[in-house]
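The values are calculated or read from the model by the stated rules, or taken from the named source; none is laboratory data. Since the structure is predicted, the reported quantities are computational estimates derived from the model, not experimental observations. Counting neighbours? That spans all protein chains shown, and the Cβs are built from the backbone with ideal geometry, glycine included. Side chains are part of the model used for accessible areas, which takes the heavy atoms of the whole protein and leaves out ligands, DNA and RNA. Shrake-Rupley method; radii C 1.70, N 1.55, O 1.52, S 1.80 Å.
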Amino acid sequence: MKKICINKKAYFEYQILDKYTAGIKLQGSEVKSIRAGKVSIVEAYCFIVNDEIFIKGMHVTEHKEGGKYNNHNPTRDRKLLMKKKEIIKLRENISQKGLTIIPLEVILTNTGFLKLEIGLAKGKNLYDKRNSLKEKDLKREIERNI
């Protein structure tokens, strides 16, 4: 499995409680752009409508050889493919105050499929973010000394 895009901001801003893997319903030009690494999920989030889950704000750059008419809309809402039981479980969890669904990574599997790893997340407070930075600096300093 190859990680194409990682949402580092999500790991800093949120505490990840649970992770899920979902397929993405894409057009052909979108697949080509994502495989080339021209995707951003930093500003994206997921929402549930009628037992279907969608991702909003995922930016996939237009493919250079797609032409004017065969290309896609870069910021359209994309449907995620998950089992209904998982979607219902997520919907019940996000009904709690302070929980949300955010994309974490775009993954290319060994079989050639594009997957999106999403996480059930809770926002961190400012002091939690400071602790994260301190831990990161300590790890970096320990690695330097070794």
message: Taking the full set of protein chains and a 1.4 angstrom probe, give the accessible area of residue 143 in square angstrom, rounded to the nearest 10.
response: 140 Å²
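Around residue 88, under 12 Å between beta carbons, what's the net of Lys plus Arg minus Asp minus Glu among the other residues?
+1
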field: Per-bin percent of Cα-Cα distances, the range 9-70 [5 Å]
entry: 4, 14, 20, 24, 18, 13, 6, 3, 0
- request: Work out the length of the dipole vector of the chain about its Cα centre, built from +1 on the beta-carbon of each Lys and Arg and -1 on the beta-carbon of each Asp and Glu, and round it to the nearest 20 debye.
  value: 100 debye
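Evaluated at 25 °C with a viscosity of 0.890 mPa s, what Stokes-Einstein diffusion coefficient in µm²/s does the range 66-115 have when Rh comes from the Kirkwood expression over alpha-carbon pairs?
173 µm²/s
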- prompt: Can you work out D for the chain in µm² s⁻¹ from Stokes-Einstein, where Rh is the Kirkwood radius over C-alpha pairs, the temperature is 37 °C and the viscosity is 0.692 mPa s?
  reply: 197 µm²/s
query: What length, rounded to one decimal in nm, is gained on full extension from residue 6 through to residue 146, with 0.36 nm per residue of separation minus their alpha-carbon distance?
result: 47.6 nm
Apportionment of accessible area to carbon and sulfur, the chain, percent (1.4 Å): 50 percent
field: Residues of the range 70-146: accessible area per residue with a 1.4 Å probe, Å²
entry: 69 Å²
task: Calculate the translational D of the range 61-146 in whole µm² s⁻¹ from Stokes-Einstein, where the hydrodynamic radius comes from the Kirkwood formula applied to all Cα pairs, the temperature is 37 °C and the viscosity 0.692 mPa s.
output: 189 µm²/s
query: Which net charge results when you count Lys and Arg as +1 and Asp and Glu as -1 among the other residues whose beta-carbon is under 14 Å from that of residue 33?
result: +3
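What 222 nm value per residue comes from the helices of the chain, counting each DSSP H run with n ≥ 4 as -39,500 (n - 2.57) and dividing by all residues, nearest 500 deg cm²/dmol?
Taken over the chain, the calculation gives -9500 deg cm²/dmol.
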- request: Grab the other residues whose beta carbon is less than 13 angstrom from that of residue 1, score K and R as +1, D and E as -1, and report the net.
  value: +1
- request: Please calculate the 1.4 Å probe accessible area of residue 84, with all protein chains present, and give it to the nearest 10 Å².
  value: 120 Å²
